[in-house]
Amino acid sequence: MPEPKTALVTGAGRGIGRDIALSLAREGYACGLIARTKSQLEETADLIRKAGGKALVTPTDVSKREQVLASVEAVERELGPISVLINNAGAYLKKPLTEITEEDFDFQLKVNTYGPFFCTQAVVGKMAERAAGAIIFVLGSETRGGPAQYSAYTASKVAQRAIAESVAYEFMHRGVHAAALDVDGAVDSARVREAMPDTDPSHFVSPAQICAEIIHLINQPKSSWTFQVDLRSYVQWRPRASAKKKP
Ligand SMILES: NC(=O)c1ccc[n+]([C@@H]2O[C@H](COP(=O)([O-])OP(=O)(O)OC[C@H]3O[C@@H](n4cnc5c(N)ncnc54)[C@H](OP(=O)(O)O)[C@@H]3O)[C@@H](O)[C@H]2O)c1
């Protein structure tokens, strides 16, 4: 039996998640789309359908386990067994350490750690039963050390990376490929260009290349699975790796 081509993409309402969903749809995947804002998911679904693809909008808060289970149930009922999960949804917080509240910290963990945990838990068992499937965790440079003012965000992303690695080792022998994609730098988008108007756009990571890497990862043969990929532009935005400026 050929592996079903159904993908579940979290954070598919805008940004990188929308691009990932569109590129999976171009590869023939029917896409279940998750985020909280229904109108943004509808926009992504329209783009997919206009290009001839299939999509199902399932407004979901990934930090709520029952909502994730309901979304997975709807996607599998309408589109078929999920063969690819992209854990992309993320909440972002930059705040001085002394100002981070307990609620802030909880929220980062709930979205960035519990979210991918719930989504993975909801699909991985059935993937393992079919001995096939891929789960990609979209991470950032934060997983390699926390910049100032990112302690809550970094903690949640490092924890997500730990889940990614455990899933890889726990399920590789059962045919499920899990991989961590570290996007090490700001990703090109209208929002990022507006926030960093003085930065040469070629210094941002290309969303098209993130999508291409994801397609590459999910198509890897079982004999040659990658666990971790780093993507960064040739000029790092973080000072530790920036090219030295000429005097
Ligand atoms: N942009 C960058 O420069 C960059 C760099 C490195 C890594 N990353 C990672 O890439 C991922 C996507 O980033 P992005 O810049 O595309 O983010 P974005 O533009 O803010 O979009 C985030 C998406 O996640 C959804 N989301 C947020 N909280 C959610 C929740 N509780 N439940 C379900 N969906 C939720 C959002 O929709 P709703 O708000 O409607 O729920 C939205 O669709 C993140 O994990 C981020 O850490 C981004």
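We did not get these values from a lab; they are worked out from the coordinates using the rules stated. Predicted, not measured: the structure shown is a model, and the values here were computed from it. Ideal geometry is used to build each Cβ from the backbone, glycine not excepted, and the neighbour counts take in all protein chains shown.
Listed by chain and number, the aspartates and glutamates whose alpha-carbon sits under 19 Å from that of Lys222, ignoring those within fewer than 8 places in the same chain, are Glu3, Glu129, Glu165, Glu170, Glu213. A straight Cα-to-Cα reach below 20 Å connects Lys64 with the aspartates and glutamates Glu73, Glu76, Glu102, Glu103, Asp104, Asp106, residues fewer than 8 places away in its own chain not being considered. Ordering Phe118, Phe105 by the number of other Cβ atoms within 10 Å of each residue's own Cβ, fewest first, gives Phe105, Phe118. A convex hull fitted around the alpha carbon atoms of the stretch 1-125 yields 100 Å³ per residue. Here the spin labels are modelled as points 7 Å beyond Cα on the Cα-Cβ line, and at Lys126 and Gln220 they lie 2.5 nm apart. Seen against the Cα atoms of the chain and their longest principal axis, helix 207-218 is set at about 40 degrees. Compared with the dominant principal axis of the Cα atoms in the chain, helix 115-130 is inclined by about 40°.
Applying a threshold of 19 Å to the alpha-carbon distances of Lys5/Lys126; Lys94/Lys157; Lys5/Lys54 flags no pair as lying beyond it.
From most to least packed by mean Cβ count within 10 Å, the peptides 205-217, 177-189 give 177-189, 205-217. Taking 0.36 nm per residue of separation and subtracting the Cα-Cα distance, full extension of the segment from Asp106 to Glu165 would add 19.0 nm.
When the chain is treated as a GNM with alpha-carbon contacts under 10 Å, the residue of Gly175, Gly52, Gly80 showing the greatest mean-square fluctuation is Gly52. Which residue, Glu42, Glu73, Glu102, has the most motion in a Gaussian network model of the chain that connects Cα atoms within less than 10 Å? Fluctuation is largest for Glu102. Return a whole-number percent for the relative contact order of the chain, with Cα pairs under 8 Å and 6 or more residues apart as the contact set. Computed value for the chain: 16 percent relative contact order.
Projected label points at Tyr234 and Tyr92, each 7 Å from Cα along the beta carbon direction, are separated by 2.5 nanometres. Taking 7 Å steps out from each Cα toward its Cβ at Ala148 and Thr37 produces label points 3.1 nm apart. What is the angle, in °, between the Cα long axis of helix 65-79 and the longest principal axis of the Cα atoms in the chain? Nearest 10 is fine, range 0 to 90. Computed tilt is about 50 degrees. Within the listed set Gly90, Gly115, Gly125, the residue fluctuating most in the Gaussian network model of the chain (springs between alpha-carbon atoms under 10 angstrom) is Gly125. When the P(r) is computed for the stretch 103-247, the part past 17 Å accounts for 66% of the Cα-Cα pairs.
The translational diffusion coefficient of the stretch 142-195, from Stokes-Einstein at 4 °C and 1.567 mPa s with a Kirkwood hydrodynamic radius over alpha carbon pairs, comes to 99 µm²/s.
Based on alpha carbons, the Rg and Dmax found for the stretch 6-241 are 17.0, 51 Å. For the stretch 6-241, the Cβ-based charge dipole about the Cα centre amounts to some 360 debye (Lys, Arg positive; Asp, Glu negative; other atoms uncharged).
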